[in-house]
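S.K.: Okay, here's the structure, questions in a sec.
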Ligand code: AMP
């Protein structure tokens, strides 16, 4: 039976008992509006841990756009039903005041990897992520934390954070789950119009083709320009970035010996879509 917990003190009681019994605890931080991408993380946690906590918290500190925060879907009942099918032990879903009580002033800020791409386009976003993730690790005392490769830069920020601060948790990066046309599943996808949804898969198709061309010897710049052209031609409103980066540092990389990642952000129907793939 999946238990819904809203208070940190209540969570602590459960976690202390599990720890005392020597059980391995996995945590899956989410903002809710769950889809198969989230469930794949919960299943991975379930396969490797005796206890699984899924956190559902729409973290106001990681939204740089108030409208995005207001419009963010909240579907607690449906989320709980889905997590029940996976056999999650606890859904931890605190209200903002529980996480950020009056007087809260601390920020966890990860340098380097959090600065380019999403960090540049969404000022303050990764500070919000790093702060809440650090707090959730503290609250859940989890041994393992599960994150999606869908948010590749976020995954690298969390890995850096855990290493830099010696947090006693192992981070697991799980593969991106996609719709049949390649569109990475996202809670924001259901804000697309039917017309937008019909072309949204082009984002994945275009970066996949660019990655293949680069592997075949085409220049990075040319391959990326063609991908951007494909998106505009398909009907995307704006391409924010398509970049080939070092997979770990997210810095520009022309060294094919190092793992590299192509990352993209583009607007369609007023919805900002992001995706990434290995190159
Ligand atoms: P969110 O609720 O968007 O904050 O996402 C919570 C977690 O689910 C993050 O670690 C995301 O990277 C992960 N996630 C979101 N979408 C997907 C997806 N399509 N495939 C795999 N993981 C995902």
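S.K.: May I ask you to list the residues in the range 123-160 that are within 13 Å of the ligand (Cβ to nearest atom) and within 21 Å of residue 66 (Cα to Cα)?
M.R.: Across the range 123-160, the qualifying residues are 125, 126, 128, 129, 132, 133, 151, 154.
S.K.: On the given criteria, is residue 44 away from the ligand (no atom under 13 Å from the Cβ), crowded, with 17+ Cβ neighbours inside 10 Å and closer than 21 Å to residue 185 by Cβ?
M.R.: It is false that residue 44 is away from the ligand (no atom under 13 Å from the Cβ), crowded, with 17+ Cβ neighbours inside 10 Å and closer than 21 Å to residue 185 by Cβ.
S.K.: Now for a separate question. Being closer than 20 Å to residue 143 by Cα, more than 16 Å from the ligand (Cβ to nearest atom) and part of a helix (DSSP H, G or I) is the requirement here; does residue 10 meet it?
M.R.: Working: closer than 20 Å to residue 143 by Cα: yes; more than 16 Å from the ligand (Cβ to nearest atom): yes; part of a helix (DSSP H, G or I): yes.
For residue 10, the condition - closer than 20 Å to residue 143 by Cα, more than 16 Å from the ligand (Cβ to nearest atom) and part of a helix (DSSP H, G or I) - is met.
S.K.: Output yes when any residue across the range 233-241 is in contact (Cβ under 8 Å) with a residue 60 or more places away in the chain, surrounded by 14 or more Cβ atoms within 10 Å (Cβ to Cβ), in contact with a helix residue (DSSP H, G or I) (Cβ under 8 Å, 6 or more places away or on another chain) and closer than 20 Å to residue 36 by Cα, and no when none is. Step through it out loud before you land on a result.
M.R.: Going residue by residue through the range 233-241, those that are in contact (Cβ under 8 Å) with a residue 60 or more places away in the chain are 240-241.
Filter once more, keeping what is surrounded by 14 or more Cβ atoms within 10 Å (Cβ to Cβ): 240-241.
If we keep only those that are in contact with a helix residue (DSSP H, G or I) (Cβ under 8 Å, 6 or more places away or on another chain) too, we end up with 240-241.
Next, from what is left, pick out any that are closer than 20 Å to residue 36 by Cα: none.
The answer is no, given that none of the residues of the range 233-241 is in contact (Cβ under 8 Å) with a residue 60 or more places away in the chain, surrounded by 14 or more Cβ atoms within 10 Å (Cβ to Cβ), in contact with a helix residue (DSSP H, G or I) (Cβ under 8 Å, 6 or more places away or on another chain) and closer than 20 Å to residue 36 by Cα.
S.K.: Would you check if there is a residue in the range 182-193 being under 26 Å from residue 270 (Cβ atoms), surrounded by fewer than 19 Cβ atoms within 10 Å (Cβ to Cβ), more than 14 Å from the ligand (Cβ to nearest atom) and not assigned by TED's automatic domain parsing to the domain that holds residue 30?
M.R.: Yes.
S.K.: Check whether at least one residue in the range 92-109 is crowded, with 18+ Cβ neighbours inside 10 Å, touching a residue at least 12 places away in the same chain (Cβ under 8 Å) and touching a strand residue (DSSP E or B) at 6+ places or on another chain (Cβ under 7 Å), and report yes or no.
M.R.: yes
S.K.: Something else: Within 14 Å of the ligand (Cβ to nearest atom) and within 30 Å of residue 240 (Cα to Cα): which single residue out of 113, 172 fits that description?
M.R.: Values: 113 fails: within 14 Å of the ligand (Cβ to nearest atom).
Of the residues listed, the single one that is within 14 Å of the ligand (Cβ to nearest atom) and within 30 Å of residue 240 (Cα to Cα) is 172.
S.K.: Does any residue in the range 32-44 that is at negative phi and assigned by TED's automatic domain parsing to the domain that holds residue 70 come within less than 9 Å, Cβ to Cβ, of a residue that is near the ligand (Cβ under 8 Å from one of its atoms) and in a helix (DSSP H, G or I) six or more places away or on a different chain, and which pairs are these?
M.R.: Correct list of pairs: 37/150.
The values are calculated or read from the model by the stated rules, or taken from the named source; none is laboratory data. All figures in this text were calculated on a predicted structure; none of them were measured in a lab. Glycine also receives a Cβ, built like all others from the backbone with ideal geometry; neighbour counts cover every protein chain displayed.
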